[in-house]
Amino acid sequence: MTPPRELTLQFLAEPADVNFGGKVHGGMVMKWIDQAGYACAAGWCSGYAVTVYVGGIRFLRPIQIGQLVEVHAQVIHTGTTSMHLAVDVYSRHPASRERHKTTHCIIIFVAMDETGTPTPVPQWQPVSESDRQLQLYAKKLMALREEIDKEMRQHL
């Protein structure tokens with residue numbers, strides 16, 4: 001049986017999530033992204049996984065307190081021990097059906113065994129053209145990260 005490839009967490013943005021500008025704090029959105037990503041990755045690998053990279057995070061619009069928030073994570077590429085996920089955050093007024101994308105990023109998890117050693121994950125294969133485009137997106141970002149890492153090593 002193929003493990004679930006995607007999941008969506010839903011909840012209301014609460015007053016405790018507010019920043020100094022009266023909107024949901026970006027750090028809170030990043031926490032939600034990590035939680036949804038972890039739940040998706042753990043489901044895919046049927047075990048524990050750790051975050052090794054979050055990149056290209058884009059805050060497209062603010063989330064208001066009281067809005068319904070949806071955090072959607074899906075596997076878009078797998079390596080030997082890694083799982084690349086696209087995570088999109090949406091918000092809407094609870095009484096409305098119209099939702100807006102507020103945030104997008106890519107997050108990579110590595111599956112770990114009980115000794116803390118990376119362990120193989122089930123391989124994901126694209127089925128649709130949309131899946132193939134998402135996997136291509138993940139591969140392009142991998143190449144870009146390698147270039148960024150080369151530049152950053154000079155300053156570590």
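The values are calculated or read from the model by the stated rules, or taken from the named source; none is laboratory data. Just so it is clear, the structure is predicted and the values come from calculations on it, not from any experiment. Ideal geometry is used to build each Cβ from the backbone, glycine not excepted, and the neighbour counts take in all protein chains shown. Ligands, DNA and RNA are excluded from the accessible area calculation, which covers all protein heavy atoms including side chains. Shrake-Rupley method; radii C 1.70, N 1.55, O 1.52, S 1.80 Å.
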query = Out of the stretch 41-55, which residues are open to solvent by less than 50 Å² (accessible area, probe 1.4 Å), under 11 Å from residue 107 (Cα atoms) and not β-branched (Val, Ile, Thr)?
reply = 41, 55
note = All-but-one check, residue 15 against (1) under 12 Å from the mean Cα position of the chain (by Cα); (2) surrounded by fewer than 17 Cβ atoms within 10 Å (Cβ to Cβ), failing number (1)
ask   = Being touching a Leu at 6+ places or on another chain (Cβ under 8 Å), open to solvent by 40 Å² or more (accessible area, probe 1.4 Å) and closer than 26 Å to residue 121 by Cβ, is that true of even one residue in the stretch 24-31?
value = no
key: Long-range neighbours under 9 Å by Cβ, at least six apart or interchain, first residue touching a residue at least 24 places away in the same chain (Cβ under 8 Å) within the stretch 128-156, second among the small types (Gly, Ala, Ser) and not in a loop (DSSP other than H, G, I, E, B)   = 134/86; 137/86; 138/86; 141/55; 141/56; 145/55
task = Look at the stretch 118-127 and say how many of its residues are free of Cβ contacts under 8 Å to residues at least 60 places away in the same chain and assigned to a loop (DSSP other than H, G, I, E, B).
result = 5
message = Considering only residues that are among the aliphatic types (A, V, I, L, M), closer than 29 Å to residue 59 by Cα and more than 17 Å from the chain's Cα centre (by Cα), which ones fall in the stretch 101-156?
response = 143, 144, 148, 152, 156
query = Does residue 64 count as open to solvent by less than 60 Å² (accessible area, probe 1.4 Å), in contact with a Lys or Arg (Cβ under 7 Å, 6 or more places away or on another chain) and either at negative phi or part of a strand (DSSP E or B) (or both)?
reply = no
key: Residue check for residue 33: modelled with pLDDT of 95 or more and in contact with a Cys (Cβ under 7 Å, 6 or more places away or on another chain)   = yes
